[in-house]
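To start, the structure itself, in structure tokens.
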Amino acid sequence: MTRVHAHWSAMMLGTALAVLVSAPADLRAGSPRPLQWTEVPPDDWLSVGGRLYDKWWAELGLPEPRRTHPSYPAEGKKSGAATWRCKECRGWDYRGRDGAYGQGSHYTGIRGIREYDGADAGEVLAVLTDRTHGYQRALGEVPLRLLARFVVAGQVDMARYIDGETGTVKAGDVVQGERLYGRHCARCHGDDGRYQNFSGDPGEPEYLGTLARDNPWETWHKIRNGHPGSQMPMGPAMMGRWRHAEPMPPFRSLPREGQLSILKYARTLPPQ
């Protein structure tokens, strides 16, 4: 089995974890047995953590939270499930108030996680389980440790590679990106990136080209870590062909230059 195929298998964790991880009563009925380290391939620890950072309940197969997180800042503009996502306060670029979320509809005034890059995972775990965050019951021990590992060893300094003002990708090669895209991405996203409509709204679609232009930080995060185990509405090119999208695998196995090349090429795809 190749490394990429192994990652495809690992992506099925989202379904398996649903019956393995404990959660609070208002999120999930019952008390399944805790997830064990041996059930998560070591090569996938960081990407699973990255998907938990993205949307932990989708990755774990749990119902989304209904209430707003009790510690979500009053100056924030979101409510409900969105306020439980790590990325909503810390940002796709991991810089929080000092990055792309320093203004606009996602602003919370909370700092990012860059200061924890290379830190002790136990320190991050203590933050995740303190009274402010309170994630210990929602995620369970092993998912929390995977999330902490991502924070200390799985993030990247995006400011080095993506311009904070324009979103321009400062590294990578479009020609190489087109080749890698055709090999790894076109089957699910289509040659023009319009197989999947992330918004679900035909009137205001969000395709891969749209996302890569508007939010290269999120796009690179998903290239590196994959997409949490949820289903995406199909774009017009895919109607009648697939009923549901396949899970997006992580591509951490690609060199960073290759990841950025895919991102750079994705920004040339049609946004509409």
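Tabulated results
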| item | result |
| --- | --- |
| Scope the range 195-220; condition without any contact (Cβ under 8 Å) to a residue 60 or more places away in the chain and hydroxyl-bearing (S, T, Y); matching residues | Y195, S199, T219 |
| Tally of residues being at negative phi, among the aromatic types (F, W, Y) and assigned to a loop (DSSP other than H, G, I, E, B) across the range 94-104 | 0 |
| Qualifying positions in the range 105-143 - outside any loop (DSSP other than H, G, I, E, B) and at pLDDT 95 or above | R111, R114, E115, Y116, A121, G122, E123, V124, L125, A126, V127, L128 |
| Test: residue in the range 79-93 that is in a loop (DSSP other than H, G, I, E, B), modelled with pLDDT of 95 or more and over 18 Å from the mean Cα position of the chain (by Cα) | yes |
| For R111: the one exception among (1) out of contact with any strand residue (DSSP E or B) (no Cβ under 6 Å at 6 or more places or on another chain); (2) surrounded by fewer than 17 Cβ atoms within 10 Å (Cβ to Cβ) | (1) |
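The values are calculated or read from the model by the stated rules, or taken from the named source; none is laboratory data. Predicted model, so just to flag it, every value in this text is computed and none were measured. Neighbour counts are summed over all protein chains in view; Cβ atoms, including those assigned to glycine, are modelled from backbone coordinates with ideal geometry.
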